[in-house]
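Data first, discussion second: the structure below is written as structure tokens.
The values are calculated or read from the model by the stated rules, or taken from the named source; none is laboratory data. It should be emphasised that the depicted structure is a prediction, and the values quoted were computed from it without experimental measurement. When we count neighbours, we look across all protein chains shown, and the Cβ atoms used for this are built from the backbone with ideal geometry, even at glycine. Quick note on the areas: whole protein, heavy atoms, side chains included, nothing else; ligands and nucleic acids left out. Shrake-Rupley method; radii C 1.70, N 1.55, O 1.52, S 1.80 Å.
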Amino acid sequence: MTIERSDIVIIGAGPYGLAAAAQLRRSGLGARVFGEPMSFWERNMPKGMFLRSPWAGSHIGGPGGVSLDEFERTRGSKISRPVPLSDFVAYGHHFRQRSVPDIEPRHVVSVTPRDGGFRLALDDGEPLDAARVVVAAGISPFAWRPPEFNGLPQELASHSSAHTDLARFAGRRVVVIGGGQSALESAALLREGGADVEVILRGPRLRWVGRAPRSGLLGHLLFHRTDVGPAGLSQLVARPALLRRLPRALQRRALRRSIVAGAALWLRPRLVDLPINSGRHVVQASRSNGHLRLQLDDGATRDVDHVLLATGYRVDIRRYAFLGREIQDGLRCVEGYPMLDGGFQSTVPGLYFLGATASQSFGPLVRFVAGTDFAARSVARSLARAKRMSPDLSDRRAGMRTAEREIS
């Protein structure tokens, strides 16, 4: 059997996969892209949501390409601010049609080392060899479920990413766990859909994002257009190449401060009179007559029909089921994140990671759509250099040692 060989394969067709593929094509490099375009945004987020990111930070691949502005002009109707999820999904498909029309909706089920490159197996059984692989597979496998809810079935306790329509909870008692945008917006949607809702969050208070000015001279000095991170720090976070040169302790502090749980200020009117119990957490959850009984750390209890876990995501690339053991053993990781060189290449030569998995190496910007421009340009430059060098296996091993030195 003849096995096809590709120079570059991209796994994933969300904003990062789309941006990388488009940039590679502009750079004269071809790439095969596998995955269902915008699938996470369509299947793992509830209808009716809006993007917390501002308009200027929601362009796939940056404002200079197929931007939200271009999409709005093309469709001939105004898009509201904040951007509705449905419109962003439509924009993602527009971007694909304009920039990467030949995405293959098959899934990669395994990646293993092979003759200085990689052997990929697709879900239809076809094998494929690739010299270089870019992983832009998103965060779906990293949905975090607190241990207090282990063993409980999905019908009683589910992660927020498991739902596309919260209307199913109409007339039911629901507790939402979490204090971020997903938690608070889900709570608003639940109540608007007829559910009896309470929010429980560990933090001492609810944090609102967007109170500092973003417009005018002061706003532009305090916040970069990407609007990731608090005032002042936003300008540093928007420059990942600079941020990664700082001492590791400062990088980690910037990451922590920039992803603190909080909700957009525009959501506040929809939460008036909604019960929010701050400074509390669930210590035990058990079944009780077909419902759930929750015990809080202050001894209080709640009897509810369902718990919605808006508890975020914890990156651990071992959860990418397609990465074989040999690949995982060659990856240098910190707290589940692969350590990457300046071109997003891991310590497995020829294997690159984009999106949230890159945030330990490049900071919080690459956790958001706003980071697609920087990531796509950086990986395209790196792949162009690799293409010129056309390394064989021995050169790849030398490249691995160089990458490890740069990372350390």
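General observations
- Near pairs, Cβ below 8 angstrom, 6+ apart or cross-chain, from region 349-360 (farther than 16 Å from V111 by Cα) to any residue that is assigned to a helix (DSSP H, G or I) and open to solvent by 10 Å² or more (accessible area, probe 1.4 Å): L354/Y16; G355/Y16; G355/R367; A356/R367; S359/L255; S359/R367; Q360/L255
- Among the residues making up region 298-344, those that are open to solvent by less than 30 Å² (accessible area, probe 1.4 Å) and in a strand (DSSP E or B) are V304, H306, V307, L308, L309, L323, Y337, P338.
- Filtering region 180-193 to residues that are out of contact with any Ser or Thr (no Cβ under 7 Å at 6 or more places or on another chain), under 17 Å from L51 (Cα atoms) and in a helix (DSSP H, G or I) leaves Q181, A183, L184, E185, A187, A188, L189.
- Single residue of L85, L24, L29 found to be in contact with a strand residue (DSSP E or B) (Cβ under 8 Å, 6 or more places away or on another chain) and closer than 26 Å to D227 by Cβ: L85
- Residue in region 7-19 that is nearest to S359 (Cα to Cα), counting only those that are buried (at least 19 other Cβ atoms within 10 Å of the Cβ) and in contact with a strand residue (DSSP E or B) (Cβ under 6 Å, 6 or more places away or on another chain): G17
- Subset of region 20-57 [over 28 Å from F223 (Cα atoms), among the aromatic types (F, W, Y) and open to solvent by 10 Å² or more (accessible area, probe 1.4 Å)]: F40
- Test: residue in region 18-36 that is more than 25 Å from G343 (Cβ to Cβ), assigned to a loop (DSSP other than H, G, I, E, B) and not hydrophobic (A, V, I, L, M, F, W, C): yes
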